[in-house]
1. How about the stretch 498-531: which trypsin sites (Lys or Arg not before Pro) there lie in a loop by DSSP and see at most 14 other Cβ atoms within 10 Å?
2. Mind checking which lysines have their C-alpha under 18 Å from LYS539, skipping anything on the same chain fewer than 8 residues away?
3. Based on the Cα coordinates of the stretch 310-392, what is the per residue volume of their convex hull in Å³?
4. For GLN81, what residues show an amide H to amide H distance below 5 Å, using hydrogens built from the backbone and excluding near sequence neighbours?
5. Please give the charge dipole size of the stretch 260-316, origin at the Cα centre, charges +1 on K and R Cβ atoms and -1 on D and E Cβ atoms. Round to the nearest 20 debye.
6. Treating only the Cβ atoms of Lys and Arg (+1) and Asp and Glu (-1) as charged, compute the dipole magnitude of the stretch 156-309 about its Cα centre; round to the nearest 20 debye.
7. Give me the percent of accessible area attributable to carbon and sulfur for the chain, probe 1.4 angstrom.
8. Loop only per DSSP, at most 12 neighbouring Cβ atoms within 10 Å: give me the chymotrypsin sites (Phe, Trp or Tyr not before Pro) in the stretch 509-569, ordered by residue number.
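The values are calculated or read from the model by the stated rules, or taken from the named source; none is laboratory data. None of these values were measured; they are calculated from a predicted model. Cβ coordinates were reconstructed from backbone atoms using ideal geometry, including for glycine residues, and neighbour counts include every protein chain displayed. Just so you know, the surface numbers come from the protein's heavy atoms only, side chains and all, with ligands and any DNA or RNA stripped out. Shrake-Rupley method; radii C 1.70, N 1.55, O 1.52, S 1.80 Å.
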Amino acid sequence: MRNSHALIRWISILFISLLLTNCGGGGSGAATTGTTTGGTPTTTGGGTTSTTTDDEFSQSEYKGLTFYYKNMPSSDYTLKQLTNAEFNALNKSQKLQVADKLLSTLFFGYPLKALQEKIDSGNFIDTVKNGLDEETTDKAWLENYILDEDKFTQYDRWNEPQAITILSRFYAMKNLDSYFFKNWVAYILTQTIMFSPAYELESTHTPNISRVYNRLVTMLGVDSGMRYIAYVHMMSEDNWRRFRSPEDNGREMMEIFTLDQDDKHVPIAGQALKNWKLNTDSDTLEVSLNQNTQPLQLFGTTIYNGDDFYRELAKSDAFTKGVTKRLVDFFFPETSDTKKQQIADTIVASKPETWQDILLQIVFSEEYLLHTHRAKSAEETFYSLAKKMNYKHRKSTIAYFKEGLEEMHQATMKYKLGKLKRVPLDTLSFAYYHKYIREQVLLRRSNPEKTDDFSAWDRQGWSDDFIANDNFNLDSNNDITSLNTFVNYLFKATIAREATNEELKLFRDHMIESRDGKQLFRDEFNLFSTYDDIQKQTKRREEHKRNIAFIVLDYISRLDMTYTQREVK
């Protein structure tokens, strides 16, 4: 694996050299690299090649822009993290809520019994965190699976198939490991103004979706630093298809990545980028040779051309502050501006150099896990429920999910400025959100007879395993206790809390009746129906259990907390 990563890093050095040559960059010298490891070739100013066997991590760089960084240890984080001890000190309901919040934030979930076992281990937080450092995904199997036309419909370019493939990957990945996490980081970044492929624009093309996203996953996979990743992205044709003129691109890059809104800097950026343009012939980035040769002052240094502009922007302290604030805003939308700035400043003080340094610091923090209250994104809700409920898909399920995201105004990678509001809560947007989760997830049961028929409409839905009797305890001598137990299981399995006494009474009044001096199930809900024919008895009991499940899940679909990352009370 090390040799593979070293080869990719070496190729990336060659790539950046070619990129700079093609872009008219390198006005003050050629690329240089620092010491690399594991026998990786290194270049010197004269172009000679050498190898080292030093065990230190590669520190290749170009004019002060370091390419690669290891993620900082969590002990170096300055934003207070939730520890195992603090997690274990919470009460049972709080632990379940926090665990679900963390996992759903990462687009993941576990069936209730498995999740409870992980919580009871006493090492839940560290187990999740450590898992993000280990790769257990069979990537060859995964990619073949989601591209299998018998399992997932492969759509034409009018349906943005690249976005469907990305969404399918999250659905299909089985383990919350390092590969899952790199995909999650890439996905989060492409939802923001920083890296959105913006397929809504006429000047963008559907391959921009996969080029931006896959480049992020690939560069994250070889430990590329966040400055280098942003530098490569800013210089790309994908980015120029969003912001298409020198002054527009320069202005937006400064505002997006450094929060610089000083109009006096825009003409300077435009001058540095004067030989860059998006040619209307196939919307192609074209960099001519008439680059600027006059010294320009920006970012506290002297720049000349486009390469200088993007590189020095990425190297600046303002870059770290800007991108950190963007991500804090993304995860803390309901937090006060003063508090968000405090959180961002605290993270910046840790001197992050990778996207993971920022994102891990956010999602494992006490501030986020215990004190934040915000709407869940549709991805957080859908993917976590799918994992919890052993959800089965049909060929077009994920394509319909992508379409649903667009109706909710949460479309993935579509908007020029990213998701400025991650979860729109206007009446129409939320109506589509609720409709999708209710009808396509909570109230859809997979027909077990169609397990092998991915074209079947009724293959889609939660598996009968989700409501199997071994998930909860039934008492055949007490119908009320059995009903309460089943209802509480459904609540905890989906929204990480038990039903209230008022809710239990609501279901009890509907499903229990007085009969023969006892409180017994009504016929259509009777979990203990008896028949001489054992097969018929089993069938009827399962039907009645599903009747209860559908009513309870319908109720859950109408609760605001189904769509909320909750503050711990």
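1. Listed in order of number, the matching sites are ARG522.
2. LYS450
3. 126 Å³
4. GLU366
5. That gives the stretch 260-316 a dipole magnitude of about 180 debye.
6. That gives a dipole near 420 debye.
7. 47 percent
8. Within the stretch 509-569, the qualifying chymotrypsin sites (Phe, Trp or Tyr not before Pro) (loop, at most 12 other Cβ atoms within 10 Å) are TYR531.
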